[in-house]
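Quick notes on the structure that follows.
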Amino acid sequence: MVEPAKTFGSSLAEGLDVQTTRMRPGFVVRFRRRRVALLAFWFLMVLFFVAVATFITSRLGIHIPFDPDAQNMSQRLSPPGWPHVLGTDQFGRDVFARILNASYISMFVGFLAVAIELALGVLVGAAAGYFGGWIDNVLMRLVDALLCIPSFLLILTLVAIVSPSIWVIIAAIGVLSWMELARLVRAEFLTLREMDYVAAARALGVPAWRIILSHLLPNSLAPVLVSAVLGVAGAILTEAGLSFLGFGVQPPQASWGNIITDGKTYLLDAWWLIIWPGVAILLTTMAFYLTGEGIREVLDPKEGKRI
Amino acid sequence: MITYLVRRLAISIILLAIVSLLSFAIIRFAPGSKTAGGEEMSPKKLAAAEEARRAKYHLNDPWYSQYFLVMKDLFSNKLVDYNDRPVHEQIVDRLPWTMLLNAVSLVLVFGMGIPLGVAGARFRGGWRDTSSAVGAFFLLSLPGFFVSYMLCILLVKYIYVPILGVGTFGMQFSSWWQQALDTGWHLFAPALVLALPGVAVQSRYVRASLIESLSEDYIRTARAKGLSESVVYYKHALRNSLRPMVTFFGFLLAGMIAGSVIVETIFSYPGMGRLAYEALSKRNLPVLVAINFYSAVLVVMGNLLADMLYSVVDPRVRLE
Amino acid sequence: MTTATTHTPPMLTPMSTLVTDPIMQVRNLKTYFPVRKGILRRTVGHVKAVDGISFDVPRGKTIGLVGESGCGKTTAARTILRLIPPTAGQVCFQGIDLFRLPNSQMRRMRRHLQVIFQDPVGSLNPRMTVGSIVSEPLKVHGVARGAELAERVARLLRRVGLSPDHVNRYPHEFSGGQRQRIGIARALALEPELIICDEPVSALDVSIQSQILNLLDDLQEELGLSYAFIAHNLAVVEHFCDVVAVMYLGKIVELASAPELYGNPKHPYTIALLSAAPRPEPNRKRARIIPGGEVPSPISPPSGCPYHPRCHMAKPECKTVVPTLDPKQGEPGHVAACIVTT
Ligand SMILES: Nc1ncnc2c1ncn2[C@@H]1O[C@H](COP(=O)(O)OP(=O)(O)OP(=O)(O)O)[C@@H](O)[C@H]1O
Ligand SMILES: [Mg+2]
């Protein structure tokens, strides 16, 4: 099994590297100047580390600080304190351990779903934008139609019909969230294909696939990267929503969404069952959004410094 | 204008046809048993039930004719769910509530999103801009169910007010305005939760398009004429940022309808979102098909309406 | 780098005695862009960007294509290169009709027929190093690889006056003139016989213009290249071209050898262009004639002679009679589309 957080964590860093060397010089410098975005980025790095570490240690049977599945009826619903820093749930399980244990699930779903999203979005957008004509028309009408259906509803329907498992969730989110990306890539391609260097490549006899891969895609990388980072946030939120409704990650595997579902019965007495996983989702998603926005601003200097 | 409308209508119809095909595919290709589980049945009875089901949903026809038959059934109120309740009727029951909730949310989105965006553009680069950006991402990152519960805790535990459903039990016999007030109160919490992500996106949109139009000459002229800062921003700049807001309207609506599944479930609000949740729990596929389709209709109509409103608001813009 | 000039007999008869040994012949080339409107996006009209032009490109020499901005020069160049689909016409390159070639053969044909663009910024991919820009054509045509490829790229860069050390740099690190040199190196990579130069110097400073023109001149001498050289003012092409065609609203209005055209212009438009161009000889006084009014839209060109609304010599007939390219007094082969001058 791959280690989700690690694989994609490094790919994000590589993405930034590509920007540094290939875009304009000083990408890193300018990104560093955005303090909020930088903070968000480092938060994500720590989160990746924690997620990977938790994943590895839990596979090895080492549980820090507690076994997330160990029940302890004498410690039911104890408020945050010591040794259960974030309290325990109705079965006496440690909330902190469960939240840690859910972190790699969220990352895994987020990154894999975005990988599918990227593959489909880039493929459809590139085909529509480069070839134009009826191909463009057919693909874009499909995209419009899919955008008319509230996607969360459709994902829910799909997951409910097939069966709620982590793979189905990833596939459903990925397969039903690529439309915006396709539009973005198409718009980029429409502008880029009018560039003289594309005409030059065609005049040199460079085949279409090579023009797409080496001339058009690298030049639309920046907005695609930004959109992918934002997409991870969206996917994590969607997974949380699905899990909350009971159509996501199934217990006993903890996920930030289903911890809240479990806790809702004790809403008025055990606030910590809801607050902590909620804060985890909030911080993670926000960190992705802020990082993505930071990258966007650095790449698009006309908007000026903001975060 | 007329040609524009005709064109838009034609595209909308094509879109809805694609959407209906997609949601129809769900009913056709969903794996597993399609009858409501529950009571034990003898094999013979089971076979008969299966046969009846195949006939009911035209499963014996090729897919294209099944598609037309199912769509025909849907509109003529003959399509029934797995409990033999007409689907159309259920939707029609819930639709007004959903529309009411979304309308209130929209008001909140524009009422809060526009000032936030204007503040961001006006104090561009300053701390107010930064906090408006961070605030927007904060709202966008808030999971709906989390906010809902926070609101519940807050309202129920500390303010002692009922918020579930659309009316307080025992209010049925009070005067109409008391009832209206009661309903309004019950609407507020779910509408607020639904509106939050929209507020975030809207404020970013407004900010971006404002910054774009602020550099244009007429803004400079307006300033030179001595109009006050806020008048310039709200009147001149905003009017020119209407276009992108209209484009964004569809996404807004789609997002809110999707979000309403969670919010309506939590607040026991009798809209389509909760209907969807109920249908999902029972794997009641025909209802889901219909809900997906009708939500798409809502989105498409919302878009059309927004476009037309836009040309009314700003007569200089000719729709093409 | 020598070009083996294979003399295939031209498929079409030469237009006149002006160009006796053409490497490429363009006949009645038309490129229309549809203008769409309405519900069904019906085509309601056409931008006649190129409207029936014919000329011969002399082998080993240069033909200039001159006209105001928007007259269709770039469109003509791109249509010839099959970057834009033609509406009508024929282009014979070394006796082969380019418009009839299947795509795969056209791709191979492109080795012989290259282009240099107007915009030194837009014509180089910002994400590619100079090395990969210049080596791409060699790679896709399988001409060279490995050490030989690197060697050839270095040689090309040196030939256009750049240092081979620059291979790992990106285009934004170069000045406009240097970028244009990169573009020239890319065009030369496949050792073409004909290069279409689409205003290669208009975006450059005057001092750098002459450097690039000298480079192109040297390359022509050394490699026996033929050029189709596009420009929007006559001054640039005077000493660079052997034959000059003047374009107006998608049509050629005058065609002659360079000395003849400059010494004995026949079309009022050419006369006006010449009078506007700064000329070095102060003794040759010429009244400055400025074409009146705006350039008409190529969607609905004026009736009769397309130039008549702006012409300083127009007669009433010009509104109705469509002039054809007719021989004029002077050197044989000098043609102009005007019913007033002789
Ligand atoms: N893709 C297109 N669609 C529609 N019209 C076009 C298109 N490309 C060019 N045109 C029109 O065709 C005409 C000729 O354009 P072209 O670019 O060939 O001019 P040009 O002579 O190269 O001008 P310049 O000196 O500015 O480069 C112009 O009126 C232009 O608006
Ligand atoms: Mg041009």
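Our analysis of chain C gives Rg over Rh at 0.98, with the two radii drawn from alpha carbon positions and Rh computed by the Kirkwood formula. Beyond 31 Å between alpha-carbons counts as too far, so tell me which of A:LYS264/B:LYS72; C:LYS251/C:LYS315; C:LYS48/C:LYS266 fall in that bin. As for pairs spanning more than 31 Å Cα to Cα, those are A:LYS264/B:LYS72.
Close amide H contacts of A:VAL249 (hydrogens built in the peptide plane, cut-off under 5 Å, sequence separation of 5 or more or a different chain): A:SER243. Which residues does the label zone of C:ASN103 cover in segment A:106-144, counting backbone N under 12 Å from a point 7 Å along Cα→Cβ? From segment A:106-144, the list is A:131-132. Here the spin labels are modelled as points 7 Å beyond Cα on the Cα-Cβ line, and at B:GLN178 and C:THR17 they lie 11.2 nm apart. In this simple spin-label model, placing a label point 7 Å from the Cα along the Cα-to-Cβ direction at both B:PHE29 and A:ARG30 gives a separation of 4.4 nm.
Annotation: amide H of C:ILE196 within the under-5 Å range of C:GLN114, C:VAL115, C:ILE116, C:ALA228, sequence separation 5 or more or interchain, hydrogens built in the peptide plane.
Only helices enter the 222 nm calculation for the protein assembly as shown: every DSSP H run of n ≥ 4 contributes -39,500 (n - 2.57), and dividing by all residues gives -18000 deg cm²/dmol, rounded to 500. Residue by residue along A:190-202, Cβ atoms of other protein chains within 10 Å of the local Cβ number 6 on average.
Per-residue 3J(HN,Hα) values for segment B:194-211, derived from phi via the Karplus relation 6.51 cos²θ - 1.76 cosθ + 1.60 with θ = phi - 60°, read 4, 6, 3, x, x, 4, 4, 5, 4, 5, 5, 4, 4, 4, 4, 6, 5, 4 Hz in sequence order (x marks Gly and Pro). Rounded to 0.05, the FRET efficiency of the C:SER300 and B:VAL107 pair, given R0 = 45 Å and the Cβ-Cβ distance, is 0.35.
Close amide H partners of C:LEU65, meaning residues 5 or more places away or on another chain with modelled amide H under 5 Å apart, are C:PHE229, C:ILE230, C:ALA231, C:ALA245. Rounded to the nearest Hz, the phi-derived 3J(HN,Hα) couplings of segment C:191-202 under the Karplus curve 6.51 cos²θ - 1.76 cosθ + 1.60 (θ = phi - 60°) are 6, x, 9, 10, 10, 8, 9, 8, 6, x, 10, 5, where x marks glycine and proline. Note on chain C: with a GNM built from Cα contacts shorter than 10 Å, the maximum mean-square fluctuation among C:ASP326, C:ASP165, C:ASP119 falls on C:ASP165. Converting phi to 3J(HN,Hα) with the Karplus coefficients 6.51, -1.76 and 1.60 and the offset θ = phi - 60°, segment C:221-231 yields 5, 5, 10, x, 6, 9, 10, 10, 10, 9, 8 Hz in sequence order, with x at every glycine or proline.
Pulled fully out, how much extra length does the chain show between B:ASP93 and B:MET308, if you take 0.36 nm times their separation in residues and subtract their Cα-Cα distance? Intermediate results must be reported in sequence, preceding the final value.
Values: separation 215, 0.36 × 215 = 77.40 nm, distance 2.79 nm.
Computed gain between B:ASP93 and B:MET308 is 74.6 nm.
Between chain B and chain A, the total buried accessible area stands at approximately 4400 Å², from heavy atoms with a 1.4 Å probe.
Quick one: which of A:35-46, A:230-241 comes out on top by average Cβ neighbours within 10 Å, and what's the full order, highest first? The partial results should precede the final answer.
Numbers: A:35-46: 17.4, A:230-241: 26.3.
So the order, starting with the most tightly packed, is A:230-241, A:35-46.
Set the Förster radius R0 to 41 Å, insert the Cβ-Cβ distance between B:LYS282 and B:LEU5 as r into 1/(1 + (r/R0)^6), and round the FRET efficiency to 0.05. Here the calculated transfer efficiency is 0.50.
The values are calculated or read from the model by the stated rules, or taken from the named source; none is laboratory data. Just so we're clear, the structure is a prediction, and the values are computed from it rather than from any experiment. Heads up, the Cβs are rebuilt from the backbone with ideal geometry, glycines too, and the neighbour counts pull from every protein chain shown. Heads up: the accessible areas ignore ligands, DNA and RNA and are worked out on the full protein's heavy atoms, side chains in. Shrake-Rupley method; radii C 1.70, N 1.55, O 1.52, S 1.80 Å.
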